[in-house]
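Some notes on the structure that comes next.
The values are calculated or read from the model by the stated rules, or taken from the named source; none is laboratory data. Here the structure is a predicted model, which is why all the values come from computation and not from measurement. All Cβ positions, even for glycine, are placed from backbone atoms using ideal geometry, and neighbour counts span all protein chains on display.
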Amino acid sequence: MKNKIFRKCCIISLMALTACTSARFGVPVQNMRQVGDINSMDLYEAFVVPVDNKGGYVCEEIVLPGMYDHSELLTDTVGKKVSILATVYFDDNGRLRKYIQRWSDGGSLNNVTYFDERGYIVYSLYANGSDDYGKVYNRNSKIRLEHTYTESQLYNDFLSTVRMSAFELADAYKFDLLMPDCCRLVNFSHIEKGDWAFVQSRHVYTAPNKSAVEDSVQIGFGNEVYIDSIAGRWCTIKTPAIDTLTRYVPINCIEISRFR
C-alpha cells in the first residue's frame, strides 16, 4: 500500500513539475550529450533475474511481481533456466548508469533509462509495443516529457512504469545495487553489422534519405531489429519476422540492445 501511495505521489509531482517546466526546458541537448557520454563508456553488464522464496530461479514466459520473492544480478545466464527481467550496466566505479527492459512476450523495447553519477534519471524512453512512446528528460530536477499517449494512457501506462532513480529501480526489483564480479565489458558507441537494436523512430525508410517513402507498418517504434549494414549516418535493418524485408533508419534513431 505504501509503495502504491508513493508511486501516485511521484506521478502527481512529476506531472505538476512537467506542466511548469517543460515549456522552458528547451532542446534537451545536454541530456543527449550525457547519454552519448554513458554509451561511450566501458560498461559492465549484468542481468536481473527473479528468485522464488526457496532460492530457486523463476523461469516463466511472463513474470509478474507477485511471482518471485526477490531478484539477483547474474553475469551470465547461458545454460540456466531463468527469466531475465532486465539488463543493467555499471560504470568503473560500480554505479548503475543504464537499464534496459524488454516486453516479456516478444522482445520489443519496454524501456531504457540512463542515470547520472548520483543515480538520478537523465533520460528514459518507453515503448508500449503498438507504436506509442514516451520520453523523459531530467535536468537539474526539471522534467520534460515527449509522448504520443492519451491522458489516461499517460497516467496508467507510461508514468506508472518509468522509475525515477537507480535506487527506486533496485527497490522495485528487490536486488542489491552492487555490481557483481566477472561482468562482461561492453561499449555502446561502437555500432557494427550484426548488432541488434531498438528502433527509436515512428518511421523507417525504403532508401537512405529523408524524402523516401516512409514505412512503419512492418517495423514500428521500439521493435528490435538486426543491423545488416552501415553507410555514413544510415544503417540498413532487418526484422526477424520478415527476413527478406530491408529498411533504412538513421543511426541516431536506434538504441543498441545486444551485441553480436
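Cβ-Cβ contacts under 7 Å between residues 6 or more apart (or on different chains), taken from a first residue in segment 26-54 that is farther than 18 Å from A170 by Cα to a second residue that is in a loop (DSSP other than H, G, I, E, B) and among the small types (G, A, S), are listed as N39/S189; S40/S189.
When you check V35 against the structure, is it surrounded by 17 or more Cβ atoms within 10 Å (Cβ to Cβ) and either at pLDDT 50 or above or not assigned by TED's automatic domain parsing to the domain that holds S124 (or both), yes or no? Write out each step before concluding.
Values: surrounded by 17 or more Cβ atoms within 10 Å (Cβ to Cβ): yes; either at pLDDT 50 or above or not assigned by TED's automatic domain parsing to the domain that holds S124 (or both): yes.
Against the criterion (surrounded by 17 or more Cβ atoms within 10 Å (Cβ to Cβ) and either at pLDDT 50 or above or not assigned by TED's automatic domain parsing to the domain that holds S124 (or both)), V35 qualifies.
Table: residues versus (1) in contact with a Ser or Thr (Cβ under 7 Å, 6 or more places away or on another chain); (2) surrounded by 13 or more Cβ atoms within 10 Å (Cβ to Cβ); (3) of a type in the set (A, V, I, L, M).
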| position | (1), (2), (3) |
| --- | --- |
| L43 | no, yes, yes |
| K54 | no, no, no |
| E61 | yes, no, no |
| L74 | no, yes, yes |
| G79 | no, no, no |
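Within segment 167-192, residues that are under 21 Å from L64 (Cα atoms) and of a type in the set (S, T, Y) reach partners that are buried (at least 19 other Cβ atoms within 10 Å of the Cβ) and modelled with pLDDT of 95 or more with beta carbons closer than 6 Å, at six or more positions or on different chains, in the pairs Y173/V48; Y173/S71.
Give me a count of the residues in segment 71-127 that are in a loop (DSSP other than H, G, I, E, B), among the small types (G, A, S) and within 13 Å of F198 (Cβ to Cβ).
Going residue by residue through segment 71-127, those that are in a loop (DSSP other than H, G, I, E, B) are 75-85, 91-95, 103-108, 116-119.
Remaining after also requiring among the small types (G, A, S): 79, 83, 94, 104, 106-108, 119.
This time we only want the ones that are within 13 Å of F198 (Cβ to Cβ), so: 106-108.
Result for segment 71-127: 3.
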